[in-house]
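These notes are about the structure you will find just below.
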Amino acid sequence: MERKTIVAIRPKEYLMNLSKSESGALNLNGTEGKFLQIVLEALKIKYEIVISKDMLYGDPLPDGNFTGMVGMVQRGEVDLHDMSCCE
């Protein structure tokens, strides 16, 4: 079985959203969502989308770990995350 790249996202209106097609496939929407989808598909990367557990980009913790999507990458839960870090 081919391994999929796991991508964490943080939904944000107009920038990064998910929708389901009639076939059940998840589609990325919004300006950053479409950009991410185009890049992943252009590179022929098979991917799975997960939503950030705490809905944060990622802040450092005193012990050297991170919260949010950065922490998900650090802990090996996902392979990469979206870059929508601006509020």
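Counting the residues of region 28-38 that are touching a residue at least 12 places away in the same chain (Cβ under 8 Å), open to solvent by less than 40 Å² (accessible area, probe 1.4 Å) and part of a helix (DSSP H, G or I) gives 2. What are the pairs, 6+ residues apart or on separate chains, where a residue within region 45-66 that is under 13 Å from V78 (Cα atoms) and in contact (Cβ under 8 Å) with a residue 24 or more places away in the chain has its Cβ under 6 Å from a residue that is of a type outside the set (F, W, Y) and part of a loop (DSSP other than H, G, I, E, B)? As it stands, the answer is Y47/K4; E48/K4; S52/R10, since those pairs meet every condition given.
Residue count for region 39-79, restricted to those that are open to solvent by less than 40 Å² (accessible area, probe 1.4 Å), part of a loop (DSSP other than H, G, I, E, B) and β-branched (V, I, T): 2. Scanning region 1-25 for residues that are without any contact (Cβ under 8 Å) to a residue 60 or more places away in the chain and surrounded by 13 or more Cβ atoms within 10 Å (Cβ to Cβ) yields P11, N17, L18.
The values are calculated or read from the model by the stated rules, or taken from the named source; none is laboratory data. Values in this document were obtained by computation on a predicted structure and should not be read as measured data. Cβ sites come from the backbone with ideal geometry, for glycine too, and all protein chains shown count toward neighbours. We work out accessible area using only protein heavy atoms, side chains counted, and drop any ligands, DNA or RNA first. Shrake-Rupley method; radii C 1.70, N 1.55, O 1.52, S 1.80 Å.
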